[in-house]
Amino acid sequence: MKISKIKFKNNSADYAILIGSGAIKLLKKQIYTICPNTKKIAIIFDRKIPLKLKNKIKNQLANYKLYIYQFEVSEKLKSFKNVYRLNEDLLKKNFNRNDTIIAVGGGVIGDFTGFVASILKRGINFINLPSTLLSQVDASVGGKTGINSREGKNLIGTFYQPKLVLSDTDFLKSLPEREIICGFAEILKHSLIFDKKFFFWIEKNIKKIIIDKDPSAINFAISKSCKIKISFVIDDEKEKGKRAILNFGHTFAHGIEATTNFSNKINHGEAVLVGMFLATKISKLKKLCSSSTLNKIENLYKKNNLPSSLKKYSLNNKINKITGYMRQDKKNTDSKISLILLKNIGKTTKPGTIKMSTKKINSLIRKVI
Ligand SMILES: NC(=O)c1ccc[n+]([C@@H]2O[C@H](COP(=O)([O-])OP(=O)(O)OC[C@H]3O[C@@H](n4cnc5c(N)ncnc54)[C@H](O)[C@@H]3O)[C@@H](O)[C@H]2O)c1
């Protein structure tokens, strides 16, 4: 199977994202080249990674002093307590800047491990092996690390780029369908905000991604998504400008998830799908996009039974709560809520040009649901 290579290169980082079935086989050689002075390696595994893949990774690294950590994954892992414990343990083992920490898991493991790597001795080598579709198309790209606070998700963190990302699509074989949908939401977002042709490709290939987990279709979708995400973050790592376009649908999703207290009732990807649909309907209502744009997107949702409605999650009577949480999003800098809306498939409004009060958004949501 072909391994695709994408480069992330700007003033602060220069690393490769290698994508494809069997990509983890390249780990040993890659470490040898990019972290030649490494003697100790800590691997932070999501416990759910299949044993066979864990062994494939460990066996390659037999020449290093290897320390294995395994975690039960939930948002609770992303806490100061766990960061402190892992830091203390690695310091006790004398990890220094030449040594390497490898994350093997989804966005939770990646965010947590990246944060630890970024603060340990002010930054040690970090390699990410994302194991969920969401982390392969989104969380592993862009250098955001983070943990949660009592005040909200991802409120504490750093910008810290990895030395390497290996997105092995074999990880996805054991991933539940609900998690595949979660990653698909971000793939769809990338097409909607940037690439009409990619949207048409998705229309034709969606079943190959969600149902068949077809390696070649998935490889293409991941590569395309990474390229699009990189194009938004490469010159705006710290989210001062166009990176905000990646928030399309996410401001609504944040309000929706917070209203359910980030419970399993609706997961992040489902909330993003509902959020993007709401954003598109509001775009149409505000005459920013045409009926034909809305129809194309609505057809894709309907044909493939993608979550689109607040009603399905009994959230249609909680709109005030949703917009209240949207207002608290850390990306808002004044009392109004910044939104990214859709002008066409592949084109959004510019960041900072659409700002609305919670009252206005309340009334718009009520009109479109
Ligand atoms: N840093 C960023 O830019 C960024 C972007 C988006 C999301 N995130 C963060 O990512 C997290 C969500 O990431 P996620 O969707 O990958 O979820 P996750 O890490 O919680 O993983 C989802 C579930 O899949 C399981 N899992 C992981 N890999 C598996 C595999 N190969 N086989 C079977 N099960 C597996 C996990 O144990 C978990 O139960 C959130 O904390 C979010 O804040 C970060």
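Quick notes on this structure:
- Those residues of the range 50-80 which are surrounded by 13 or more Cβ atoms within 10 Å (Cβ to Cβ), over 22 Å from LYS93 (Cβ atoms) and within 21 Å of the chain's Cα centre (by Cα), in sequence order: VAL73, GLU75, LYS78
- Test result for ILE147, on the phi < 0 side of the Ramachandran plot, in contact (Cβ under 8 Å) with a residue 24 or more places away in the chain, among the aliphatic types (A, V, I, L, M) and more than 11 Å from the ligand (Cβ to nearest atom): no
- Taking (1) part of a strand (DSSP E or B); (2) over 14 Å from LYS78 (Cα atoms) in turn, LEU155 satisfies each apart from (2).
- In the range 91-122, the residue that is surrounded by the fewest Cβ atoms within 10 Å (Cβ to Cβ) out of those that are part of a loop (DSSP other than H, G, I, E, B) and in contact (Cβ under 8 Å) with a residue 60 or more places away in the chain is ASN98.
- Search result, residues across the range 180-207 that are assigned to a helix (DSSP H, G or I), more than 16 Å from the ligand (Cβ to nearest atom), surrounded by 17 or more Cβ atoms within 10 Å (Cβ to Cβ) and not polar (S, T, N, Q): LEU192, PHE194, PHE198, PHE199, ILE202, ILE206
- The residue that is surrounded by the fewest Cβ atoms within 10 Å (Cβ to Cβ), among those in the range 34-48 that are basic (Lys, Arg) and within 10 Å of the ligand (Cβ to nearest atom), is ARG47.
- Selected residue (criterion: nearest to the ligand (Cβ to nearest atom)) from residues of the range 155-171 that are more than 16 Å from ILE102 (Cβ to Cβ), in contact with a helix residue (DSSP H, G or I) (Cβ under 7 Å, 6 or more places away or on another chain) and not small (Gly, Ala, Ser): ASP170
- Qualifying residue in the range 165-176 (condition: of a type in the set (Val, Ile, Thr), modelled with pLDDT of 95 or more, assigned to a helix (DSSP H, G or I) and surrounded by fewer than 21 Cβ atoms within 10 Å (Cβ to Cβ)): no
- Long-range neighbours under 7 Å by Cβ, at least six apart or interchain, first residue touching a residue at least 40 places away in the same chain (Cβ under 8 Å) within the range 123-140, second of a type in the set (Lys, Arg) and away from the ligand (no atom under 12 Å from the Cβ): ASN125/LYS163; ILE127/LYS163
- Any chance ILE127 is more than 14 Å from the ligand (Cβ to nearest atom) and within 22 Å of ILE24 (Cβ to Cβ): yes
- Identity of the residue in the range 130-144, outside any helix (DSSP H, G or I) and either small (Gly, Ala, Ser) or more than 8 Å from the ligand (Cβ to nearest atom) (or both), that ends up nearest to ILE57 (Cα to Cα): SER131
- Within the range 214-233, the set of residues being surrounded by fewer than 24 Cβ atoms within 10 Å (Cβ to Cβ) and hydroxyl-bearing (Ser, Thr, Tyr) comprises SER216, SER223, SER231.
- Qualifying positions in the range 254-264 - more than 11 Å from the ligand (Cβ to nearest atom) and in contact with a helix residue (DSSP H, G or I) (Cβ under 6 Å, 6 or more places away or on another chain): GLY255, ILE256, ALA258, THR259
The values are calculated or read from the model by the stated rules, or taken from the named source; none is laboratory data. All figures in this text were calculated on a predicted structure; none of them were measured in a lab. Using ideal geometry, Cβ is built from the backbone for each residue, glycine included, and neighbour counts are taken over all protein chains shown.
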